[in-house]
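Here's the structure we're looking at; comments come further down.
The values are calculated or read from the model by the stated rules, or taken from the named source; none is laboratory data. Keep in mind it's a predicted model, so treat the numbers as computed, not measured. Neighbour counts run over all protein chains shown; Cβ positions are idealised from the backbone, glycine included.
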Amino acid sequence: MAGVRGTVGIVRPTQRTGGFEDLLRILPPGIELIPLALDVQRGALDEFQAAIPAYEAKVAEFAKMGVDVINPSGAPPFMVLGYAKEQELIRRWETQYNTRVFTSGTSNIDAMRALKVKRIVGATYFRGDINRIYRQYFVDAGFECLDMVGIDVDFHKVPELPSSRVYDFIADTFRRNDSAEGIYMLGPAWPTLDIIARLEQDLGVPVFHAVPAQCWDIQRHLRICEPVQGLGRLIAEMPLGTTMAARRVAV
């Protein structure tokens, strides 16, 4: 298509559209996004563990379409898989389908490295022990994760959370771990783009949110660099960061 600067196939884990609509709004013009969705509904460990074959089917479909980049999005399924196994899976997919692949997890990892953040605290919208798995993912990737704390909310009600409540939750979590150099916010389901800049200003550290990280990494893969203001340091500064090849060699 005339004027298209690149095509990106995005596999979304749920039928929720909020995060995808936010991404469309902040991406530079001329990037064509093609979405396919799975149907995760409960946000439970067993769903995430069973999701990888469904992701692979969508990855194969995008490869057949001939998109430039494939983004199996949704952090939990790959974080549950584990950092090392995720890296192996990405390498296999790229070799098998001859297309560049990045996940939500690798976007945030590369973003943290690009901003030279090594010690983080994380916030999620999951209850219980699954947060230990999310924490271990970052530890295995070489970060010091001081804590990974889930807000008390039912999975299907996450989009209804007021951003003011999320702000208070994250600010309280950070203040209990105030040696952190950055804050990780898992997932796009909570409507929180409006609090990123405020959190950074009030707490003095960068915030890594799913949607800006996805915007940054899509641009990076397509060799585009158009900063977006008001949604945090990452996409305001648009650092190049570690290349995908260098990151994988280090694993």
Check: If you scan segment 90-142, which residues turn out to be among the charged types (D, E, K, R), more than 23 Å from Phe169 (Cβ to Cβ) and part of a helix (DSSP H, G or I)?
Finding: Arg91, Arg92, Glu94, Asp110, Arg113, Asp140
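Looking only at segment 1-20, which residues are part of a loop (DSSP other than H, G, I, E, B), in contact with a helix residue (DSSP H, G or I) (Cβ under 8 Å, 6 or more places away or on another chain) and modelled with pLDDT under 85?
The answer is Arg16, and nothing else.
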Margin query: I need a count of the residues in segment 21-62 that are closer than 22 Å to Ile224 by Cβ, in contact (Cβ under 8 Å) with a residue 24 or more places away in the chain and in a helix (DSSP H, G or I).
Written below: 4
Margin query: Pairs please, first residue from segment 143-167 and touching a residue at least 12 places away in the same chain (Cβ under 8 Å) and of a type in the set (A, V, I, L, M, F, W, C), second anywhere and surrounded by fewer than 16 Cβ atoms within 10 Å (Cβ to Cβ) and not in a loop (DSSP other than H, G, I, E, B), Cβ atoms under 6 Å, 6+ apart in sequence or on different chains.
Written below: Cys145/Val139
Next item on the list: Report, ordered by the first and then the second residue, all pairs with beta carbons closer than 8 Å, sequence separation of six or more or different chains, a first member in segment 65-84 that is without any contact (Cβ under 8 Å) to a residue 60 or more places away in the chain and among the aliphatic types (A, V, I, L, M), and a second member that is surrounded by 21 or more Cβ atoms within 10 Å (Cβ to Cβ) and not in a helix (DSSP H, G or I).
Entry: Met65/Gly9
Next item on the list: State whether one or more residues within segment 160-180 are of a type in the set (Gly, Ala, Ser), under 15 Å from the mean Cα position of the chain (by Cα) and farther than 27 Å from Arg42 by Cα.
Entry: no
